[in-house]
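The values are calculated or read from the model by the stated rules, or taken from the named source; none is laboratory data. Since we're looking at a predicted model, the values are computed, not measured. Note that we place each Cβ from the backbone using ideal geometry, even for glycine, and neighbour counts take in every protein chain shown.
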Amino acid sequence: MDRQQEFVLRTIEERDIRFVRVWFTDVLGTLKSVAVAPAELEGAFAEGIGFDGSSIEGLARVYESDMLVRPDASTFQVLPWRGERPGTARMFADIRLPDGTPSNADPRNVLQRALSRAAEQGLTFYTHPEIEFYLFEEQLGPNGQPIPVDNAGFFDHVPRGAAHDFRRAAISMLETMGISVEFSHHESGPGQNEIDLRYADALSTADNIMTFRTVVKEVALERGIFASFMPKPLALQPGSGMHTHVSLFDGDTNAFFEAGAPYQLSRTARRFIAGVLKHAPEMSAVTNQWVNSYKRLWGGAEAPAHVCWGHNNRSAMVRIPMYKPMKRQATRVEIRSLDPACNPYLAYAVILAAGMKGIEGEYDLPPEAEDDVWGLTDRERRAMGIDPLPASLDHAIHLMEESELMAETLGEHVFEFFLRNKKAEWAAYREQVTPFELEQYLDRL
């Protein structure tokens, strides 16, 4: 037993922890949980906890259903919303096969594999997400639409406002769990908020995002409201994104920094960006995995619907933030297409794979987009070589299906299940007769 596992067992005894929840996700990013009695935890560390993997979305087929979850002691945290004594704690887990080998169906393992390939080149992948979400009243409005908790806008300060108090409570809870928050504020839409997590390695960030989504929903429920990470819940208001700042480090050196280069971007950074741009359409089904995701991407309001990059250009899919001449460690790239409803393990895995492909293949970075991309005509965008992102989940699925990079990065099992699930989602969506159609056509046709 290693020191971290010993620390967990000692803490559980000292703090009277009666329940330990072991967390993992299915292929779609839904959080799963199994409670372990403290007395069973030492065995769980050594051998794992058996479960029926065929009952979890995408983890195993019926004839290979036996699987194990093995808790990762480094992720241990006490859950602050469960009361002090007796307490409840949580750990993330890795999914294993009966022989102890990692499961290729585990989204956490998909990211770990991508990180290991980068580590073979001496590189560590760091990420910093800006997570947007909406807060709504518990009851729907008379038209069946959700009611935002306020009518405030971008950076508005609302004394004693529901969102203001909510953010304070949520951030306090996150920091109690060791998750550092950099910034928080009201976003542009009514009831829309943003909380930015501090830079961390991509695996820690993905774990933190799963915890973040749980904490936000728990705090909302405690206050008699509910939180939604749906990419576009309100038709006439901005969608919610999860802009993520990324960088690669070689030891303690920022591999994206080069003194004197344009925007201080090294050749490695430029090739990484080129890889992300080239492969953006085929990875959209992962970074934007829901039917509703494409209503955000193509809904305007600075949503990045086109494959391009720019310095401080908020209409571009990839933005180079304003650099700080004396802070070489701060040189980074912001990817703006992700939404907060993605599976963060898979999303960060495919982004890293695309960037590494650009580095290894020595991709050339296309010209910078200096204009408001939304303000250009289709003809102007085509003349500038700016391609669109997929306009629907159906389009994204077809592009992903033809991608060798996505198949290689996700692994055969996750790749095939993900595509089957998304095709079923699109088919179910396509069958619907929407209120729009009834309103437009029922009386007229």
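Data overview
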{"item": "Long-range neighbours under 8 Å by Cβ, at least six apart or interchain, first residue over 22 Å from Phe212 (Cβ atoms) within the stretch 149-170, second in a loop (DSSP other than H, G, I, E, B) and at pLDDT below 85", "result": "Val158/Ala152"}
{"item": "Number of the exception - Asp371 against (1) assigned to a helix (DSSP H, G or I); (2) free of Cβ contacts under 8 Å to residues at least 60 places away in the same chain; (3) surrounded by 14 or more Cβ atoms within 10 Å (Cβ to Cβ)", "result": "(1)"}
{"item": "Selection count where residues are of a type in the set (Ser, Thr, Tyr) and modelled with pLDDT of 85 or more, scope the stretch 46-98", "result": "3"}
{"item": "Some residue of the stretch 205-217 being within 28 Å of Lys295 (Cα to Cα) and surrounded by fewer than 19 Cβ atoms within 10 Å (Cβ to Cβ)", "result": "yes"}
{"item": "Inter-residue pairs, beta-carbon under 7 Å, first surrounded by fewer than 21 Cβ atoms within 10 Å (Cβ to Cβ) and in the stretch 386-411, second part of a loop (DSSP other than H, G, I, E, B) and of a type in the set (Phe, Trp, Tyr), 6+ apart", "result": "Ala391/Trp298"}
{"item": "Count of residues meeting criterion [in contact (Cβ under 8 Å) with a residue 60 or more places away in the chain and in contact with a Lys or Arg (Cβ under 6 Å, 6 or more places away or on another chain)] in the stretch 172-192", "result": "0"}
{"item": "Residue that is surrounded by the fewest Cβ atoms within 10 Å (Cβ to Cβ) [pool: residues in the stretch 105-135 that are of a type in the set (Ser, Thr, Tyr) and within 22 Å of Thr268 (Cβ to Cβ)]", "result": "Ser116"}
{"item": "Test for Leu365: is it in contact (Cβ under 8 Å) with a residue 12 or more places away in the chain and closer than 18 Å to Met242 by Cβ", "result": "no"}
{"item": "Residue check for Gly43: more than 19 Å from Gln77 (Cβ to Cβ), modelled with pLDDT of 85 or more and either assigned to a helix (DSSP H, G or I) or touching a Ser or Thr at 6+ places or on another chain (Cβ under 9 Å) (or both)", "result": "yes"}
{"item": "Top-ranked residue of the stretch 413-423 - restricted to ones that are over 20 Å from Tyr348 (Cβ atoms) and at pLDDT below 95, ranked as surrounded by the fewest Cβ atoms within 10 Å (Cβ to Cβ)", "result": "Arg420"}
{"item": "Condition met for Val246 (farther than 21 Å from Gly361 by Cβ, buried (at least 16 other Cβ atoms within 10 Å of the Cβ) and not assigned by TED's automatic domain parsing to the domain that holds Leu31)", "result": "no"}
{"item": "Residue count for the stretch 105-120, restricted to those that are of a type outside the set (Val, Ile, Thr) and in contact with a Leu (Cβ under 9 Å, 6 or more places away or on another chain)", "result": "10"}
{"item": "All positions within the stretch 18-27 that are at pLDDT below 90 and either over 17 Å from Arg70 (Cα atoms) or not assigned by TED's automatic domain parsing to the domain that holds Leu41 (or both)", "result": "Arg18"}
{"item": "Selection status of Ala235, within 30 Å of Arg267 (Cβ to Cβ) and in the same structural domain as Lys295 (by TED's automatic domain parsing)", "result": "no"}
{"item": "Counted residues, the stretch 420-445 - those being more than 21 Å from Ala235 (Cβ to Cβ), without any contact (Cβ under 8 Å) to a residue 40 or more places away in the chain and in a helix (DSSP H, G or I)", "result": "4"}
{"item": "Members of the stretch 193-230 found to be in contact with a Pro (Cβ under 6 Å, 6 or more places away or on another chain) and either closer than 25 Å to Leu140 by Cα or free of Cβ contacts under 8 Å to residues at least 40 places away in the same chain (or both), listed by number", "result": "Phe229"}
{"item": "Subset of the stretch 165-200 [in a helix (DSSP H, G or I) and crowded, with 19+ Cβ neighbours inside 10 Å]", "result": "Phe166, Arg167, Ala170, Met173, Leu174"}
{"item": "Qualifying positions in the stretch 86-115 - outside any strand (DSSP E or B), within 30 Å of Asp16 (Cβ to Cβ) and hydroxyl-bearing (Ser, Thr, Tyr)", "result": "none"}
